[in-house]
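To start, the structure under review is shown below, and the notes come after it.
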Amino acid sequence: MTTHAGVHEKGTFSVSDLLGNTRKSENFEKAGAIALFIGVARGETLEGEKVQKLTLEAYEEKANEVLAKICDDLSQKPGIVDVQIHHLLGEFNVGEDLVYVLVAGSHRKDVFPVLREAVERYKSEAPVFKKERVI
């Protein structure tokens, strides 16, 4: 399993795994800040309908490639020590974790803009597809 990016079946990757990966990264001693985004299953659609369940699927090989490239690109920015994006796949109830995005950097001012960019990029570039089951 790749340590900095990828798609994982629900239940096989956690926030603890994410933080463990970061703490083991070769430049972690340079980090002074870790910012974390956790995407969760929302309880209503953009149209206001109630969501019962959410199913996430991906073109896994391509998704792994895209997520790794985003992390590699963003890791080159000044002051950035580690970037990780891990997307979960499977069936989810409202409120369950769907995606983890982590950025570690030298200072807090370095990590927030990169975290935002990582989230925007995975949303627009990664071939991960969601199907909402509405009530």
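The values are calculated or read from the model by the stated rules, or taken from the named source; none is laboratory data. None of the values given here were measured: they were computed from a predicted structure. Note that we place each Cβ from the backbone using ideal geometry, even for glycine, and neighbour counts take in every protein chain shown. Side chains are part of the model used for accessible areas, which takes the heavy atoms of the whole protein and leaves out ligands, DNA and RNA. Shrake-Rupley method; radii C 1.70, N 1.55, O 1.52, S 1.80 Å.
Looking at (1) basic (Lys, Arg); (2) within 12 Å of the chain's Cα centre (by Cα); (3) open to solvent by 90 Å² or more (accessible area, probe 1.4 Å), can you tell me which one ARG121 breaks?
(3)
Output the residues belonging to segment 13-35 that are surrounded by 13 or more Cβ atoms within 10 Å (Cβ to Cβ), of a type in the set (Gly, Ala, Ser) and more than 12 Å from VAL111 (Cβ to Cβ).
Those that are surrounded by 13 or more Cβ atoms within 10 Å (Cβ to Cβ), of a type in the set (Gly, Ala, Ser) and more than 12 Å from VAL111 (Cβ to Cβ): SER14, SER25.
Is it fair to say GLU96 is of a type outside the set (A, V, I, L, M), open to solvent by 10 Å² or more (accessible area, probe 1.4 Å), under 17 Å from HIS8 (Cβ atoms) and under 15 Å from the mean Cα position of the chain (by Cα)? Walk me through it before giving the result.
Numbers: of a type outside the set (A, V, I, L, M): yes; open to solvent by 10 Å² or more (accessible area, probe 1.4 Å): yes; under 17 Å from HIS8 (Cβ atoms): yes; under 15 Å from the mean Cα position of the chain (by Cα): yes.
Yes.
List pairs: first residue in segment 71-85 and farther than 10 Å from ALA5 by Cβ, second residue open to solvent by 70 Å² or more (accessible area, probe 1.4 Å) and among the basic types (Lys, Arg) anywhere in the structure, Cβ distance under 9 angstrom, at least six positions apart or on different chains.
GLY79/LYS30; GLY79/LYS109; VAL81/LYS30
Suppose we filter GLU44, GLU91 for residues that are free of Cβ contacts under 8 Å to residues at least 40 places away in the same chain, in contact with a Lys or Arg (Cβ under 7 Å, 6 or more places away or on another chain) and either surrounded by 12 or more Cβ atoms within 10 Å (Cβ to Cβ) or not acidic (Asp, Glu) (or both); which single one remains?
On the way: GLU91 fails: free of Cβ contacts under 8 Å to residues at least 40 places away in the same chain.
Answer to the check: GLU44.
Can you pull out the strands (runs of 3 or more DSSP E) entirely within segment 1-67 that have at least 1 residues that are farther than 21 Å from PRO113 by Cα? I'd like the intermediate steps shown before the answer.
Working: elements: 5-9, 33-40, 51-58.
In segment 1-67, 5-9, 51-58 are the strands (runs of 3 or more DSSP E) which contain 1 or more residues that are farther than 21 Å from PRO113 by Cα.
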